[in-house]
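Read through the structure below, which is laid out as structure tokens, and then see the notes.
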Amino acid sequence: MRRLIPAPNLAIATLWADMLTQAGIEARVQRAYASSIAGEMPPDQCLPEIWVEDDDQLERARLLLDELRHAPVRHWVCPACHERIDGPFEQCWNCGTLMPAT
């Protein structure tokens with residue numbers, strides 16, 4: 001088991017671990033509740049961490065996590081309601097229409 005990366009908070013750590021698990025990489029969140037001891041230990045030592053079970057999948061996990069953390073920013077106009085959508089969203093926030101295939 002190898003440490004992949006610390007996360008800024010538990011919500012993001014869980015999101016990252018779930019994304020890796022869905023991609024077939026067994027990942028776990030460690031130090032999930034260590035933030036309660038910040039102050040007695042340095043704050044950077046209390047962050048939740050993502051760990052990968054299989055050492056051979058560490059590099060693949062790094063690549064997938066990098067893709068998640070640097071998702072492309074897209075701008076598109078909803079074909080149904082003509083609302084402008086910014087960011088990595090694939091569905092219109094206004095009417096729910098899916099982004100058209102490019």
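The numbers here are math on the coordinates, done by the rules we state, and not lab data. Please read these numbers as outputs of a predicted model, since none were measured by experiment. Positions of Cβ are backbone-derived with ideal geometry, glycine not excepted, and every protein chain shown enters the neighbour counts.
Data for the structure
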| item | result |
| --- | --- |
| Mean separation of Cα contacts under 8 Å (6+ apart) over length of region 39-102, as relative contact order % | 18 percent |
| Selection from Val73, Gln30, Pro42 lying farthest towards where the dipole of the chain points positive, charges on Cβ | Val73 |
| Estimated distance in nm for a label pair at Asp44 and Thr102, the labels positioned 7 Å out from Cα along Cα-to-Cβ | 3.6 nm |
| Within region 1-76, GluC sites (Glu not before Pro) in DSSP loop having at most 16 other beta-carbon neighbours inside 10 Å | Glu26, Glu40, Glu53 |
| Point-to-point label distance, Arg60-Arg3, nm (Cα→Cβ direction, 7 Å offset) | 2.4 nm |
| Net dipole in debye of the chain [+1 Lys, Arg Cβ; -1 Asp, Glu Cβ; about Cα centre; nearest 20] | 220 debye |
| Label-to-label distance, nm, for residues given as Arg28 and Glu67 (7 Å Cα→Cβ offset) | 2.6 nm |
| Environment charge at Glu49 (Cβ cut-off 10 Å; Lys +1, Arg +1, Asp -1, Glu -1) | +3 |
| Residue-span extension gain [Cys95 to Glu53] - 0.36 nm each, minus C-alpha spacing | 11.0 nm |
| Length-normalised contact order of region 2-69 in % [C-alpha pairs under 8 Å, at least 6 apart] | 42 percent |
| ³J(HN,Hα), Karplus 6.51/-1.76/1.60, whole Hz, each residue of region 49-63, x for Gly, Pro | 10, 9, 10, 9, 5, 9, 4, 5, 9, 4, 5, 4, 4, 4, 5 |
| Two-site FRET efficiency, Leu10 against His82, from Cβ-Cβ distance with R₀ of 30 Å, rounded to 0.05 | 0.20 |
| Environment charge at Gly96 (Cβ cut-off 12 Å; Lys +1, Arg +1, Asp -1, Glu -1) | -2 |
| Cut-off of 10 Å, at most 15 other beta carbons, DSSP loop: longest stretch of the chain lacking such chymotrypsin sites (Phe, Trp or Tyr not before Pro) | 34-88 |
| Convex hull of region 2-69 built on C-alpha atoms - directionally averaged projected area, nm² | 4.2 nm² |
